[in-house]
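The values are calculated or read from the model by the stated rules, or taken from the named source; none is laboratory data. The structure presented is a predicted model; accordingly, all values stated were derived computationally and were not measured. Cβ sites come from the backbone with ideal geometry, for glycine too, and all protein chains shown count toward neighbours. Heavy atoms of the whole protein, side chains included, go into the accessibility calculation; ligands, DNA and RNA do not. Shrake-Rupley method; radii C 1.70, N 1.55, O 1.52, S 1.80 Å.
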Amino acid sequence: MALTFDHSYARDLPGTYLAQTPARAPAPRLVAFNGDLARALGLELSEDDQTLANWLSGAVVPAGAEPIALAYAGHQFGGFSPQLGDGRAHLLGELVTPKGRFDLQLKGSGRTAFSRGGDGKAALGPMLREYLISESMAALGIPTTRSLAVVATGEDVLRDTGLLPGAVVARLAASHIRVGTFQFFAARGETDQIKALVAYTIARHYPHLAPDDALGLFDAVTARQVRLIAQWMGVGFVHGVMNTDNMALSGETIDYGPCAFLDAFDPAMVFSSIDRQGRYAYGNQPAILAWNLSRLAQALLPLLGPDEAEAVELANARLEAIAPAFRLAWLSVMRAKLGIEGQEMGDGALADDFCAAITGADWTLSFRTLAAAAEGRAEDLLALLPAHQPMHEWLPRWHARLGPKALALIRAANPAVIPRNHLVEQALTSATHGDMGPFTSLLAAVQDPFGLEEGREAYLHPAPAGTGPYVTFCGT
Ligand code: AMP
Ligand code: MG
């Protein structure tokens, strides 16, 4: 028996979930398995592929698992839905490993009591996208849920584009507690459940806090989320659906739907087909972070202070501090990317002016070519830019700020390889047609993001000019 489950969430938080049985996939087949992750966590999954496919699709519930669907609410694109919940996911339980406690959750594993009109299923392409992008984020050093496996179910699912092969992703998460989890109980006025959730979240993620320290929890979550979104901004990541149900209290990136990485830098960049107002545009993510945290503060309000007026005052002071805290976190990411050490007064302007100078140019390549520019060879950087003059003015200021370790710092902070949108699309299309080759090679490339460019030319560049805008789709 290779998996040992605990069920602390179910044990400590009755009334926040429902026991649900995953659908029995007709012909589960392992299409991706993260052996490195399993080994790193000390999971001894030496079972044959068929057993793993059965377990990790939910076709066979492994011994010790007690599948549940979690209740949560959420603001979706600003509108409140009092009941969302796991409509196509089953939490099998928690794996207690030498590296910590991880939820093992199946997504795409069938209908639950929270499915509303949905079929509870998922298509292979989007589940492989979650696997690829989450593994890329992990390799980039960004907190994220991880993917243990993708299992094809052997059944087709009906989507806008027609029938597609179905699949389940098995993911590991520090937990699945979301801002929306708190909102679910706040909307029902169930303050005792919020207290229980606060105590549980603190014990699991912030054990240095007292179990009833809701304000401390808010501060701790804010600190992690601020750092997380600053890291997203650093690599040009656009989550695409920063709804409050997709923001985890653990501080991990969660729920990879219509996400993408910037090619050309444009703060207004949106990839998701349904984000017509640009609510979740690249440059709007810090503002949405603050908006989502204010929803968390609102849900916690009854626990924040002795009376409502004082609680509101405490919360408002916290909320006003988010934007300046984000600026500091962002600056710390940018200093590393620009290869500068220590802190100087002009660093903010240096970072802002660099971003202004690369507007319209490839985000990833612009930073990566700073390595050569640090050694006086700025041709590759300049060749990327629509206009040279701002960069000609910027480069001497930057050189004056560089120390002896600049080159190493730049290479360590700026990836050469990110999951380029057009390559992700090609890999997923090929996989949908039965060829896993492009997916496997792209996965290997993104798992070594900071390595040197040599021999990896196929993965370094954005789509050729004239390819047209990249569009991603939700709820698939
Ligand atoms: P997401 O956009 O993946 O964060 O999902 C938002 C909500 O829609 C969650 O409550 C999901 O469980 C639910 N959902 C998404 N796709 C499906 C589906 N195919 N069937 C049932 N529920 C779904
Ligand atoms: Mg979600």
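Rounded to the nearest 20 debye, what is the charge dipole size of the stretch 5-173 about its Cα centre when +1 sits on each Lys and Arg Cβ and -1 on each Asp and Glu Cβ? If you can, show how the numbers build up before the last one.
On the way: 15 positive and 17 negative charges, 70 e Å.
That gives a dipole near 340 debye.
Got the relative contact order for the chain handy, in percent, Cα pairs under 8 Å and 6 or more residues apart? Intermediate results must be reported in sequence, preceding the final value.
Details: 939 pairs, mean separation 65.6, N = 476.
Relative contact order, the chain: 14 percent.
Let a ≥ b ≥ c be the square roots of the eigenvalues of the Cα gyration tensor of the stretch 83-217; is it rounded (a/c under 1.5), or, if not, prolate (a/b larger than b/c) or oblate?
On the way: a/c = 2.61, a/b = 1.50, b/c = 1.74.
Oblate, since a/c reaches 1.5 and b/c is not below a/b.
Roughly what % antiparallel, to the nearest 5, for the DSSP beta bridges in the chain?
Working: 42 of 44 bridges.
Restricted to the chain, the bridges split so that about 95 percent are antiparallel.
Along the charge dipole of the chain, pointing to its positive end and built from +1/-1 on Cβ of Lys, Arg, Asp and Glu, which listed residue (Leu385, Thr253, Pro82) has its Cα farthest out?
Selected residue: Pro82.
Give the residue from Val150, Leu43, Tyr72 lying farthest towards the positive end of the charge dipole for the stretch 1-159; charges sit on Cβ (+1 for Lys and Arg, -1 for Asp and Glu) and the dipole is referred to the Cα centre.
Tyr72
Taking 41 Å as R0, compute the FRET efficiency from the Cβ-Cβ separation of Ala40 and Leu407 and round it to 0.05.
Details: r = 30 Å, r/R0 = 0.73.
For Ala40 and Leu407, the calculated efficiency is 0.85.
In debye, nearest 20, what is the charge dipole magnitude of the chain about its Cα centre with +1 on Lys and Arg Cβ and -1 on Asp and Glu Cβ, if you could check?
260 debye
If each DSSP helix of 4+ residues adds -39,500 (n - 2.57) and the sum is divided by the residues in the chain, what number results at 222 nm, nearest 500 deg cm²/dmol? It would help to have the intermediate numbers written out before the result.
Working: 18 runs with 203 residues, N = 476.
Here the helix-only value at 222 nm equals -13000 deg cm²/dmol.
So how do 80-89, 411-420, 46-55 stack up, highest first, on mean other-Cβ count within 10 Å?
Numbers: 80-89: 19.9, 411-420: 22.3, 46-55: 16.7.
Output ranking for 80-89, 411-420, 46-55: 411-420, 80-89, 46-55.
Which of the peptides 150-161, 387-398 is most tightly packed, and how do the rest follow, going by the mean number of other Cβ atoms within 10 Å of each residue?
Details: 150-161: 18.8, 387-398: 14.3.
Ranked by mean Cβ neighbours within 10 Å, highest first: 150-161, 387-398.
Determine the share of the chain's accessible area contributed by carbon and sulfur atoms, expressed in whole percent, with a 1.4 angstrom probe.
Working: 10320 of 18750 Å².
Result for the chain: 55 percent of the exposed heavy-atom area is carbon or sulfur.
Between Gln389 and Phe77, what is the FRET efficiency for a Förster distance of 45 Å, r being their Cβ-Cβ separation, to the nearest 0.05? Before the final figure, lay out the partial values.
Values: r = 39 Å, r/R0 = 0.88.
So the FRET efficiency works out to roughly 0.70.
So, for the chain, what is the accessible surface per residue at a probe of 1.4 Å, expressed in square angstrom?
Details: 18750 Å² over 476 residues.
That works out to 39 Å² per residue.
Relative to the compact globular guide of 2.2 N^0.38 Å, what is the alpha carbon radius of gyration of the chain, as a ratio?
0.98
Given C-alpha coordinates of the stretch 213-345, what is the ratio Rg to Rh with the Kirkwood estimate of Rh? Intermediate values should be presented prior to the final figure.
On the way: Rg = 15.8 Å, Rh = 15.8 Å.
In the stretch 213-345, Rg relative to Rh is 1.00.
What nm value, rounded to one decimal, do you get for the distance between Ser430 and Arg276 when each label is placed 7 Å out toward the C-beta?
Label-label distance for Ser430 and Arg276, simple model: 3.6 nm.
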